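Report on the structure given below.
The values are calculated or read from the model by the stated rules, or taken from the named source; none is laboratory data. Predicted model only: the values in this text are computed from it and were never measured. Backbone-built Cβ (ideal geometry, glycine too); neighbour counts: all protein chains shown. In case anyone asks, the SASA skips ligands and DNA or RNA and just uses the protein heavy atoms, side chains included. Shrake-Rupley method; radii C 1.70, N 1.55, O 1.52, S 1.80 Å.
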Amino acid sequence: MSIQEIRVCRVHDVPLRYGKRILIGDEDIVLMWHKGSLVAFENSCPHQRTNKLHEGMIINDEIECPLHGWRFSIIDGTMQGRTVRLRIFECRIEHDMVIVRIPERDFAF
């Protein structure tokens, strides 16, 4: 499977305390700072498929949905005690730009 690497924004465009919502084709992704690093995950909470996780807070290593309090690991996307999960995306910083890696099969323009 090939990977698309997409430059999505400058590092300083990602706020320190809140998520930054990024739309890449049909993908709705959140970028957030956590312990000095950027993390990227899908913005849609599996509970009711609402795209509000960018408004949530990271508590320990979990993102909490602001609507109903569901919490997901930002490390592997899992939710304790449930089979639902978030998709996690690799990201990196290169020359002040944030680059998100999206598997090609999931990528659509």
Point to revise | Shape box of the chain [Cα atoms, principal axes, largest first, Å] | key: 37, 31, 19
Exercise for review: For the chain, with all protein chains present and a 1.4 Å probe, just round the carbon and sulfur fraction of the accessible area to a whole percent.
Suggested key: 47 percent
Exercise for review: Starting from the Cα of Arg85, step 7 Å along the direction of its Cβ; do the same at Asp61; then give the gap between the two resulting points in nm.
Suggested key: 1.4 nm
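Give, rounded to the nearest 20 debye, the magnitude of the charge dipole that the chain has about its Cα centre when Lys and Arg contribute +1 at Cβ and Asp and Glu contribute -1 at Cβ.
Numbers: 15 positive and 16 negative charges, 48 e Å.
Its charge dipole is roughly 220 debye.
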Point to revise | Backbone HN-Hα couplings from phi across region 35-52 [Karplus 6.51/-1.76/1.60, Hz, Gly and Pro as x] | key: 6, x, 10, 8, 10, 9, 8, 5, 8, 8, 6, x, 4, 10, 6, 8, 9, 10
Exercise for review: Specify, per residue and in Å³, the volume enclosed by the convex hull of the alpha carbon atoms belonging to region 1-58.
Suggested key: 109 Å³
Practice item. Go through the chain and flag any cysteine with no other cysteine's C-beta closer than 4.7 Å, please. Key: Cys9, Cys91
Review point. How much accessible area per residue does the chain have, in Å², with a 1.4 Å probe?
Key: 60 Å²
